[in-house]
Structures are given as structure tokens and as C-alpha cells.
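Here's the structure we're looking at; comments come further down.
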Amino acid sequence: MTSVEELLARIESLEARVRECEDEREIRELLSRYGYNADCCRDDEYVALWTEDASYDLIIAMTDRNQGDETTHSWRGKDGIRVLITDPNGHRLPGFYGHSMHVSSENLVIHVDGDTAVANGYSLLYKEVGGQIHLLSAGSNEWTLRRVEGTWLIQGRKRSQTGTRGFATTLSATPA
């Protein structure tokens with residue numbers, strides 16, 4: 001016969017496991033909305049996915065990848081994130097909206113620790129040009145996330161393009 005204490009311990013364990021599953025589901029949905037909002041010109045919704053102290057570091061390889069040359073572009077705070085998504089020389093280039101697809105891969109590893117989390121995985125950026133789909137960029141990501149008033153938000157993103165020194169490290173980061 002199972003004691004009341006044993007049943008309470010099992011219930012507590014099950015509740016913790018369900019919370020972990022719900023957190024991971026919510027984080028996967030958050031990262032999916034990131035791509036959808038970026039591709040559909042929903043700038044306000046895109047910015048709303050980030051914390052007030054947001055940071056985004058984009059590390060890209062320069063033209064001669066064999067030389068190891070790379071550059072980092074950074075945006076800070078929600079104002080910086082808004083600049084990123086509305087830049088007429090970047091994301092707002094003519095022909096980008098309605099023709100791009102930001103794809104986060106299914107091989108996403110999520111480490112939740114209370115109200116913070118780290119997610120590591122791949123991402124791809126495709127663009128349609130003249131009826132043809134082209135891969136514009138492939139990279140690895142380290143997402144830092146924080147639950148704010150019950151809702152998961154993006155606190156930071158570090159994306160390292162394939163071929164950069166940081167590519168492997170953003171995939172192997174340890175939990176926060």
C-alpha cells in the first residue's frame with residue numbers, strides 16, 4: 001500500500017516534469033513566433049518577444065572564409081531590436097517581406113532553470129527570388145530566455161554563421 005507521503009512525492013515529481021514540458025513547449029513556440037513575425041512584417045509583435053534588456057549579436061564570416069575574417073553586428077535593448085527589424089538597408093530591404101523564411105531547426109536543446117533558460121540549435125534563412133528558393137545564411141544559435149510575469153521572452157541571441165569561430169561554441173554552451 002502506498003503512503004500519503006509517497007503519493008504526495010509522486011505528485012510533486014509529476015508536477016515538476018509537467019512544468020518542464022510546458023516550459024520547453026512555450027520556448028519552442030516563442031522561437032517559432034520569432035521567425036513568423038520577422039517574415040510577415042509584424043515588427044511590433046517581433047519586438048514584443050524580447051525583454052527590455054535584450055541583446056542580439058550576429059557573427060558573420062567575411063567574403064574570404066579561409067582567412068577567418070568575421071564581423072559582429074550587435075543590437076541592445078528593445079530600441080536596438082526595433083532598429084534591427086526596421087532597418088531599410090537590412091531587414092526592410094525591398095523584396096524581403098513575403099519572400100523570406102527564418103527557420104529554426106528541430107534539433108533544439110533547451111535547458112530550463114527556474115525562470116531562465118538557454119536554448120542551442122541551428123537556424124536557416126531562405127529567400128525567394130524569381131520563383132527560386134535560395135539559402136541566404138545558416139548558423140548556430142545560443143538563445144537566452146527569461147520568464148517575465150509568467151511569459152517566456154528572449155533576453156539574448158548570439159547567432160554565429162557557419163564558418164565562423166563561434167559556430168561550434170553556440171551549440172555547446174552549458175546551461176545558465
In the stretch 114-142, anything under 15 Å from A168 (Cα atoms) and not small (G, A, S) is listed as N120, Y122, N141, E142
Within the set of pairs 6+ apart or on separate chains, which have a first residue in the stretch 96-112 that is closer than 14 Å to Y122 by Cβ, a second that is assigned to a loop (DSSP other than H, G, I, E, B) and at pLDDT below 85, and C-beta atoms under 9 Å apart?
-> V109/L171
Select, from E20, E29, the only residue that is touching a residue at least 40 places away in the same chain (Cβ under 8 Å), part of a helix (DSSP H, G or I) and among the charged types (D, E, K, R).
-> E20
Being surrounded by 14 or more Cβ atoms within 10 Å (Cβ to Cβ) and under 25 Å from G163 (Cα atoms), is that true of even one residue in the stretch 63-74?
-> yes
Restricting attention to the stretch 37-50, does a residue exist that is surrounded by 13 or more Cβ atoms within 10 Å (Cβ to Cβ), under 13 Å from the mean Cα position of the chain (by Cα) and either over 26 Å from E106 (Cα atoms) or free of Cβ contacts under 8 Å to residues at least 24 places away in the same chain (or both)?
-> yes
From the set of residues in the stretch 138-176 that are of a type in the set (S, T, N, Q) and within 17 Å of E106 (Cα to Cα), which is modelled with the lowest pLDDT?
-> S172
Can we say V109 is within 22 Å of R147 (Cβ to Cβ) and of a type in the set (A, V, I, L, M, F, W, C)?
-> yes
(1) surrounded by 14 or more Cβ atoms within 10 Å (Cβ to Cβ); (2) of a type outside the set (F, W, Y); (3) over 21 Å from T169 (Cα atoms): which one isn't true of A54, the others all being true?
-> (3)
Examine the stretch 37-45 for a residue that is of a type outside the set (A, V, I, L, M), in a helix (DSSP H, G or I), modelled with pLDDT under 95 and out of contact with any helix residue (DSSP H, G or I) (no Cβ under 9 Å at 6 or more places or on another chain), and state whether such a residue exists.
-> yes
Those residues of the stretch 76-98 which are of a type outside the set (A, V, I, L, M) and either surrounded by 14 or more Cβ atoms within 10 Å (Cβ to Cβ) or touching a Ser or Thr at 6+ places or on another chain (Cβ under 7 Å) (or both) amount to R76, G77, K78, G80, R82, T86, H91, R92, F96, Y97
Only one residue in R10, R25, R19 is of a type in the set (D, E, K, R), surrounded by 11 or more Cβ atoms within 10 Å (Cβ to Cβ) and modelled with pLDDT under 90, so which one is that?
-> R10
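The values are calculated or read from the model by the stated rules, or taken from the named source; none is laboratory data. From a predicted model like this one, the values you see are computed outputs, not experimental measurements. All Cβ positions, glycine included, derive from the backbone under ideal geometry; neighbour counts span all protein chains shown.
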